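The values are calculated or read from the model by the stated rules, or taken from the named source; none is laboratory data. Remember, predicted model here, so these are calculated numbers, not experimental data. With ideal geometry, Cβ positions are generated from the backbone for all residues, glycine too; neighbour counts draw on all protein chains shown. Side chains are part of the model used for accessible areas, which takes the heavy atoms of the whole protein and leaves out ligands, DNA and RNA. Shrake-Rupley method; radii C 1.70, N 1.55, O 1.52, S 1.80 Å.
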Amino acid sequence: LKGPREEIVYVPCIYRNTGRKKPDFLATVDVNPKSPHYCQVIHRLPMPNLGDELHHSGWNTCSSCFGDASKKRNRLILPSFISSRIYVVDVGTDLRAPRLFKVVNSEDVFWKCNLGYPHTSHCLGSGEIMISALGDPAGSGKGGFILLDGETFEIKGNWEKGDKMPPMGYDFWYQPRHNVLISTEWGIPKCLGYGFDPNDLKKGCYGRRLNVWDWTTHTYIQAIDVGEDAAPLEIRFLHNPAAAEGYVGCTISSAIHRFYKTERGDWAAEKVIQVPSKKVEGWLLPDMPGFITDILISLDDRFLYFSNWLHGDIRQYDISNTRKPKLVGQVFVGGSITKGGPVTVCRDEELQSQPDPFFIKGKRVPGGPQMIQLSLDGKRLYVTTSLYSAWDRQFYPDLIKDGSVMLQLDVDTEQGGLTVNESFLVDFGKEPDGPCLAHEIRYPGGDCTSDIWV
């Protein structure tokens, strides 16, 4: 909380599905208001291959390695969701100009782990790096984990042990004090990889479980059902390492569930927030879910934030009472239900009228709020608008044409409240090689979603 203010951030930028034959790149963005390059991309590190779909990143070292003076947070791990390559980026030599350090080839991932579609990367207290996967090399669902050596970045094999495996994977968080790792399930890669087909609903293509693992033995011990086609994505424990609870955002069901350790010692979940669907015309389905795609918890465990990618709003909840989150901030920054668009809202349990289109610095923002990252002091919330290129192309064609953006919201950390910083806009539509899709946001020193305290 008392760390220095962020001056630069790293953002993976994607060209896959945009029609431009360019490799994805890691952008370094200047976010220092005193800098002459404020809101500008100051460095681009292109990957050596096409079609990777860079997605989420993680560190070689985080707070779970606290106390080991030999460990430095100088390598950023970039799994490629589609190609299954894993890039290791050197950010230690020059913080503002990262360089490629190592490429782990997809063949190694396939042969050594029988996994593909890597997603979330977390460092472990052992110094190793663990990456969750969505499926096997053929694109069938499989919830396993890739283990990398923290010095050589060679694949060591699978983290999981035993015969039992969850049918799907996505995100994960671990908490050694409670001897637990919990993972989530988006869906089967070969189903969701090319877009969202409503016919896949009710076919078991999308996830419905939180999967509980024994941290010590690496074995799969429990499944918690959060509902058919819920598609639970991002999972966050409270930052307090003694806390045996946290939250998970379910995309298609648009619900937030609180998960917690029971008196029996197993784990359970309860729904604590439900974003109502809107009855609509002119869209894919007659009911439009909010589509919760990212969540995070402030470092002081006081506020929960999440984005509704389709409805277009970002929400802030006071979680002082973890079982009864209280809505204290909300702002619309785009989405699919704005006035004058193709979608007509016929019934809405929350809004009196459709929101106005969102403009900033004269630009109409395409897409909806997606990835979020909070400043260490909790006062600035950064937002990008791309989810995944195949779904961007389907739901927000203008996002492919115009490129995504990064925004910043000012946060009232006393009473709660969100307001758009009208002077902040990073327009990835103006990239030298054409519009691209900016995704996750990382600070060089670690942030609300990278670090696990033990």
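General remarks:
- Of residues in segment 327-355 being in contact with a Phe, Trp or Tyr (Cβ under 6 Å, 6 or more places away or on another chain) and in contact (Cβ under 8 Å) with a residue 60 or more places away in the chain, the one nearest to GLY246 (Cα to Cα): VAL333
- If you check GLN415, GLN394 for being touching a Phe, Trp or Tyr at 6+ places or on another chain (Cβ under 7 Å), more than 22 Å from GLU7 (Cα to Cα) and open to solvent by 20 Å² or more (accessible area, probe 1.4 Å), only one passes: GLN394.
- Count of segment 313-325 residues, restricted to those that are more than 21 Å from THR251 (Cβ to Cβ) and surrounded by 12 or more Cβ atoms within 10 Å (Cβ to Cβ), is 3.
- Once segment 225-272 is narrowed to residues that are touching a Phe, Trp or Tyr at 6+ places or on another chain (Cβ under 9 Å) and among the charged types (D, E, K, R), the residue that is nearest to SER450 (Cα to Cα) is ARG236.
- Just one of (1) surrounded by 24 or more Cβ atoms within 10 Å (Cβ to Cβ); (2) within 30 Å of THR61 (Cβ to Cβ); (3) aliphatic (A, V, I, L, M) fails for LEU399. It is (2).
- Residues that are aliphatic (A, V, I, L, M), without any contact (Cβ under 8 Å) to a residue 60 or more places away in the chain and closer than 20 Å to LEU407 by Cα, drawn from segment 1-51: ILE42
- Residue in segment 294-301 that is modelled with pLDDT of 95 or more and more than 22 Å from the chain's Cα centre (by Cα) present: no
Conditions tested, residue by residue: (1) touching a residue at least 24 places away in the same chain (Cβ under 8 Å); (2) within 25 Å of GLN370 (Cα to Cα); (3) touching a Leu at 6+ places or on another chain (Cβ under 7 Å).
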position	(1), (2), (3)
GLU53	yes, yes, no
SER63	yes, no, no
CYS123	yes, yes, no
MET130	yes, yes, yes
GLY139	yes, yes, no
LYS156	yes, no, yes
GLY162	yes, no, no
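- Restricting the search to strands (runs of 3 or more DSSP E) fully inside segment 169-237 and requiring at least 2 residues that are modelled with pLDDT of 95 or more, open to solvent by 30 Å² or more (accessible area, probe 1.4 Å) and not acidic (Asp, Glu) gives 219-225.
- For segment 242-301, taking the residues that are in a loop (DSSP other than H, G, I, E, B) and of a type in the set (Asp, Glu), the one that is least open to solvent (accessible area, probe 1.4 Å) is identified as ASP301.
- Selection from segment 426-454 of residues that are closer than 27 Å to ASP300 by Cα and either without any contact (Cβ under 8 Å) to a residue 40 or more places away in the chain or open to solvent by 20 Å² or more (accessible area, probe 1.4 Å) (or both): PRO444, GLY445, TRP453, VAL454
- Taken together, ARG99, ARG73, ARG44 contain a single residue that is modelled with pLDDT under 95 and among the charged types (D, E, K, R), which is ARG73.
- Checking each residue in segment 114-144 for being of a type in the set (Ser, Thr, Tyr), farther than 20 Å from LYS190 by Cα and in a strand (DSSP E or B) picks out only SER121.
- Test: LEU310 is in a strand (DSSP E or B), within 26 Å of TYR388 (Cα to Cα), aliphatic (A, V, I, L, M) and within 16 Å of the chain's Cα centre (by Cα): no
- Highlighted here are the strands (runs of 3 or more DSSP E) found entirely within segment 1-95 that include at least 2 residues which are open to solvent by less than 60 Å² (accessible area, probe 1.4 Å) and closer than 27 Å to SER126 by Cα: 8-14, 75-79, 86-90.
- Screening TRP111 on (1) surrounded by 23 or more Cβ atoms within 10 Å (Cβ to Cβ); (2) outside any loop (DSSP other than H, G, I, E, B) shows it passes everything except condition (1).
- Taken over segment 145-158, residues that are in a loop (DSSP other than H, G, I, E, B), in contact with a helix residue (DSSP H, G or I) (Cβ under 9 Å, 6 or more places away or on another chain) and surrounded by 15 or more Cβ atoms within 10 Å (Cβ to Cβ) amount to 1.
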